[in-house]
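Worksheet: one structure, shown below.
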Amino acid sequence: MTYLRKMLCFLLAGLIPVLPVLGVGAEPDKAAVARSWMSIGGALLSFTIMAATGYALCPEGTPLSSRLLVALPVGTVAAIAGGIAGRWITDTVLRREPSRLVSPFLGAGLGALGSAVVGGIGFALAVAIAIPVVEADPGYWGPFNYPQAVGMGFLAGAFWGGLLGIPVGAVAVPLISIYVAF
């Protein structure tokens with residue numbers, strides 16, 4: 001039975017490129033508005049999530065100044081990366097012109113990819129700033145040395161960012177498709 005399920009999944013995944021992905025085209029004004037709002041939305045969402053992550057990464061009892069020393073640069077870099085990722089997602093959607101049937105799937109993939117990059121960059125930066133700046137008990141940061149901790153931060157941020165980006169992209173791209181009228 002599991003073999004049949006696996007074959008069905010591979011068959012459906014292979015049929016996705018065959019589904020209609022071309023729309024009727026986008027008006028330039030609507031495309032510019034979609035690019036702007038996706039850039040702003042990606043920047044705000046990235047700043048909020050990564051600043052909160054950088055703030056929460058510090059051990060309990062850390063002074064506010066040390067927490068903000070981690071949270072603000074991480075949030076700022078994540079906002080820049082999130083704005084770029086949002087614009088990239090919008091440009092890809094406008095180039096592909098997905099139908100309303102395909103847009104949630106395309107959005108899930110693009111959202112996962114864009115959010116994985118933003119999450120990886122943001123969390124690696126949070127770890128890179130927090131370890132030398134924040135005073136913590138020995139062993140708080142784990143058994144890793146500094147470069148390993150930053151690398152693990154990148155992998156963890158990419159995983160959780162990509163996971164969070166799936167539903168966000170699956171909602172945002174159909175909204176773009178509806179607004180631009182593909």
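Within region 48-72, how many residues are among the charged types (D, E, K, R) and either touching a residue at least 60 places away in the same chain (Cβ under 8 Å) or under 13 Å from ILE129 (Cβ atoms) (or both)?
Residues meeting the conditions: 1.
Go through the residues of region 54-66 one by one and say whether even a single one is outside any helix (DSSP H, G or I), in contact with a helix residue (DSSP H, G or I) (Cβ under 9 Å, 6 or more places away or on another chain), modelled with pLDDT under 90 and acidic (Asp, Glu).
No, region 54-66 contains no residue that is outside any helix (DSSP H, G or I), in contact with a helix residue (DSSP H, G or I) (Cβ under 9 Å, 6 or more places away or on another chain), modelled with pLDDT under 90 and acidic (Asp, Glu).
Yes/no matrix, rows are residues, columns are (1) in a loop (DSSP other than H, G, I, E, B); (2) closer than 19 Å to GLY75 by Cα; (3) at pLDDT 95 or above:
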position	(1), (2), (3)
ASP91	no, no, no
ALA126	no, yes, no
GLY139	yes, no, no
PRO147	no, no, no
LEU164	no, yes, no
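Could you identify the single residue in PHE159, PHE154, PHE123, PHE182 that is out of contact with any Cys (no Cβ under 7 Å at 6 or more places or on another chain), closer than 24 Å to SER66 by Cβ, surrounded by fewer than 23 Cβ atoms within 10 Å (Cβ to Cβ) and of a type in the set (A, V, I, L, M, F, W, C)? Don't jump to the end; show me each part of the working.
Numbers: PHE159 fails: closer than 24 Å to SER66 by Cβ; PHE123 fails: surrounded by fewer than 23 Cβ atoms within 10 Å (Cβ to Cβ); PHE182 fails: closer than 24 Å to SER66 by Cβ.
Answer to the selection: PHE154.
I need the full set of residues from region 84-93 which are surrounded by fewer than 22 Cβ atoms within 10 Å (Cβ to Cβ) and either closer than 17 Å to PHE47 by Cα or not acidic (Asp, Glu) (or both), in order please.
Answer for region 84-93, where residues must be surrounded by fewer than 22 Cβ atoms within 10 Å (Cβ to Cβ) and either closer than 17 Å to PHE47 by Cα or not acidic (Asp, Glu) (or both): ILE84, ARG87, TRP88, THR92.
Just wondering, is there one or more residues in region 98-115 that are surrounded by fewer than 21 Cβ atoms within 10 Å (Cβ to Cβ), outside any helix (DSSP H, G or I) and either among the aliphatic types (A, V, I, L, M) or under 15 Å from the mean Cα position of the chain (by Cα) (or both)?
Yes, some residue in region 98-115 is surrounded by fewer than 21 Cβ atoms within 10 Å (Cβ to Cβ), outside any helix (DSSP H, G or I) and either among the aliphatic types (A, V, I, L, M) or under 15 Å from the mean Cα position of the chain (by Cα) (or both).
Has region 27-34 got any residue that is farther than 17 Å from ALA128 by Cβ, in a helix (DSSP H, G or I), among the charged types (D, E, K, R) and modelled with pLDDT of 90 or more? Spell out the reasoning first.
So in region 27-34, the residues farther than 17 Å from ALA128 by Cβ come out as 27-34.
Cutting the leftovers down to in a helix (DSSP H, G or I) gives us 28-34.
Still in the running and among the charged types (D, E, K, R): 29-30.
Now drop any that are not modelled with pLDDT of 90 or more, which leaves none.
There is no residue in region 27-34 that is farther than 17 Å from ALA128 by Cβ, in a helix (DSSP H, G or I), among the charged types (D, E, K, R) and modelled with pLDDT of 90 or more.
The values are calculated or read from the model by the stated rules, or taken from the named source; none is laboratory data. Every value quoted in this text rests on a predicted model; they were computed, and no experiment measured them. So basically every Cβ, Gly included, is an ideal-geometry build from the backbone, and we count neighbours across all protein chains shown.
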